[in-house]
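Bear in mind these aren't lab numbers, they're just calculated from the coordinates by the rules spelled out. Note that the structure is predicted; figures quoted are calculated from it, not measured. With ideal geometry, Cβ positions are generated from the backbone for all residues, glycine too; neighbour counts draw on all protein chains shown.
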């Protein structure tokens, strides 16, 4: 950048001397050259956009969007820096000593901006293509952190600050900062554990038997994970918590279980075997029941007021709403089977036996 600026400045100086117009002509030529370059870049941009629209990949569009803005600013920076060089020569100040550093820092900032935009666009492209959101966001955050670190180090070097001294100070200061911010570091490493082990991802329904945590994961940050509870309240959980508790992930269930106990009356004992057999046959023929999983329907116990049998089976779907529709259909069919067999569901009853009263009590009552 600096060499280009020097070459352009010498070229414009020679042109203005040939024209005999002095400093004013030089500034006008710089402004004119900047406008011409800007116009050429926009015309080239329209051509490139047409070419990218014909391609079958989105990555050329992403690359162009990342470069377009920074290059436009680079042209403006080139023109402004040359005007500043010209002004510094005329006023004979120390401004010319600082201009190369300013140009270098701004150039590094533009490169960082381009890399940042490329990372953002690439992250969105991977998410739209169906890649794992949690992994894509984790890689994107690491790339952005790397961009910030690299840019800061290069800027410090451009400003004449010793990087080795900063690294040496960082070794000692890191220990002090680490002890003062141990909770922050614990949350950071907790986030790494979540990213690497992947016990859950964005969009999963999770819950913990150890804590009152249940809801849908909305975002996994480097410090906290945001969960939306079922009553639509946001819950922010420090990532270090996930290294200390058990986490259930119902979103990864392959099936949902139906496990119910049904009781019929004692006077319907003759129909019990028929009812249980017909219920099991109904479950085996039900289109929404997974026949590859365990399926049972058996008489299980003598209840206080009923003869109890249970059903144990699994639905094909894991969707919560669809599961309850299937469960309702199964239970209604069981009721119909019981009634068709001439039996009925039991309810709590008591039988009271009264012995014969003594004659003395009967005579007194009369």
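Segment 239-266 and segment 289-344 have Cα centres spaced 18 Å apart. Kirkwood radius and radius of gyration were both taken over the C-alpha atoms of segment 254-340, and their ratio Rg/Rh is 0.98. In a fully extended conformation the segment linking residue 243 and residue 333 would gain 27.8 nm over its present Cα-Cα distance, using 0.36 nm per residue. Between residue 28 and residue 73, the C-beta separation translates, for a Förster distance of 25 Å, into a calculated FRET efficiency of about 0.70. Can you figure out the FRET efficiency of residue 218 with residue 324, using R₀ = 35 Å and their beta-carbon distance, to the nearest 0.05? So the FRET efficiency works out to roughly 0.90. On the beta carbon distance between residue 39 and residue 226, with R0 = 56 Å, the FRET formula returns roughly 0.75.
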